[in-house]
Amino acid sequence: MDFNHTQKVVDLMDRLNAFMDEHIYPNEEAYREHFKTTDNLWKSPPLMDELKEKAKNAGLWNLFLPESAHGAGLTNLEYAPLAEIMGRVFFASEVFNCNAPDTGNMEVIDRYGSEAQKEQWLKPLLNGEIRSCFSMTEPRVASSDATNIESPIVLDGDEYVINGRKWWSSGAMNEACKIIIFMGKTDPENPNRHKQQSMILVPMDTKGIEIIRPLSVFGYIDQPFGHAEINFDNVRVPKDNIILGEGRGFEIAQGRLGPGRIHHCMRLIGMAKRALEMMCARAENRIAFGRPLSKQGSVRESIALSASEIEQARLLTLMTADKMDRHGNKEASDLISMIKVVGPRMACEVIDRAIQIHGAGGVSGDYFLAEAYAGARTLRLADGPDEVHLASLAKKILKQKEMIDAGRV
């Protein structure tokens, strides 16, 4: 693969970095301060609308959609350095309409939705007028195995009736969240466990939907988005809200999660790179035992290891993105599993070292490091825990070895 970015991508990186310098970094503190004074934690600050309008005017909008007329015409490989830049600030992705889970939901509707579904839901999502959430994980079952999902979706005349309890529905607390992509079972008796599930569009204001509570991660509630626990009690939606058809939910999930997983890893590289920069600045400026921390061997080792691990993860991310572009998400599933394990673990290690070098300040709210660690640690579970990806990857590697031994490769 060619490691040189095209001129188009270089230009976008320059424009994106300039936008970050002018509009994002100077507003980080104002964004955080808003939630210390507002009575409504689940509404984005007015600042966000202003920044979104500037991003649209700057032509930095919907950069994430590959193979779609609705995106910026970028491949996964081309998008990677842009997502890395956005990952340096928690709220930056939303400014450019490249935030999860909306990106994955938009890809689902764009790839698998009907024309009516696209008109009703994809269009306002692409315009940044509304937000969305994805309800898959359930508290009663190990949802890392999607075939365990229990929530029933039952056809009753011209409507589907939905029941169940979901949690970790990211973004559901936000006032702008208007649509849920819900995964449940339409055919629980199907002998093929991968044909039992379906995905369906559920408007947030439908009768029978109850937000139980926002969930926290290490004490952070991730305002204004939130991760909600939701109860669905005889929720009725038109049968036309089913996506792609009954029994296609697992198939859609696999198509959705591939890009989503690598997008997280792209952003984590930016987050880890910023933590490394903070680590270096702290090491140079902090005096301990009569000399800068940067003179301590252990601190130098932390800096060198962190830089090496970031570069390793970046190369694997680019390699994965390239394979996705060339051969499709399914063929790249081995590399997607690798980077999904490597990326969050790398970020956790780098951020943890930065926290250590910042001392007690590192675990406080004075720096972005504690919140960054919470986010990175969560991603070792989100979109499949490490153990599931490692097991899947090992299975593929062993199968390949069997084929080699049999002379078929």
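The single residue among 36, 52 that is charged (D, E, K, R) and under 22 Å from residue 216 (Cα atoms) turns out to be 36. Annotation note: of 346, 324, the sole residue that is under 15 Å from residue 268 (Cβ atoms), not assigned by TED's automatic domain parsing to the domain that holds residue 75 and not acidic (Asp, Glu) is 346. Filtered by the rule that a residue be part of a loop (DSSP other than H, G, I, E, B) and within 23 Å of residue 251 (Cα to Cα), region 62-97 gives 64, 65, 66, 67, 68, 69, 70, 71, 75. Please work out if residue 236 is at pLDDT 95 or above and either in contact with a helix residue (DSSP H, G or I) (Cβ under 6 Å, 6 or more places away or on another chain) or not assigned by TED's automatic domain parsing to the domain that holds residue 90 (or both). Yes: the conditions hold for residue 236. Once region 284-302 is narrowed to residues that are in a helix (DSSP H, G or I) and in contact with a helix residue (DSSP H, G or I) (Cβ under 6 Å, 6 or more places away or on another chain), the residue that is surrounded by the fewest Cβ atoms within 10 Å (Cβ to Cβ) is 284. Select from region 187-214 the residues that are out of contact with any helix residue (DSSP H, G or I) (no Cβ under 8 Å at 6 or more places or on another chain) and buried (at least 17 other Cβ atoms within 10 Å of the Cβ) and write down the one among them that is nearest to residue 378 (Cα to Cα). Taking the candidates together, the pick is 214. In region 38-79, the residue that is surrounded by the fewest Cβ atoms within 10 Å (Cβ to Cβ) out of those that are within 18 Å of residue 322 (Cα to Cα) and of a type in the set (Asp, Glu) is 67. For region 357-408, residues that are assigned to a helix (DSSP H, G or I), hydrophobic (A, V, I, L, M, F, W, C) and either buried (at least 18 other Cβ atoms within 10 Å of the Cβ) or touching a residue at least 12 places away in the same chain (Cβ under 8 Å) (or both) total 10. I need the full set of residues from region 230-284 which are closer than 30 Å to residue 361 by Cα, under 25 Å from the mean Cα position of the chain (by Cα) and free of Cβ contacts under 8 Å to residues at least 60 places away in the same chain, in order please. Residue satisfying the conditions is 277 alone.
Annotation note: of 328, 384, 375, 343, the sole residue that is under 16 Å from the mean Cα position of the chain (by Cα) and at pLDDT below 95 is 384. Selection of first residues in region 180-208 that are acidic (Asp, Glu) and of second residues that are part of a helix (DSSP H, G or I) and surrounded by 15 or more Cβ atoms within 10 Å (Cβ to Cβ), restricted to Cβ pairs under 9 Å at least 6 apart or on distinct chains, gives the following pairs, ordered by first then second residue: 187/195.
The values are calculated or read from the model by the stated rules, or taken from the named source; none is laboratory data. Predicted model only: the values in this text are computed from it and were never measured. All Cβ positions, glycine included, derive from the backbone under ideal geometry; neighbour counts span all protein chains shown.
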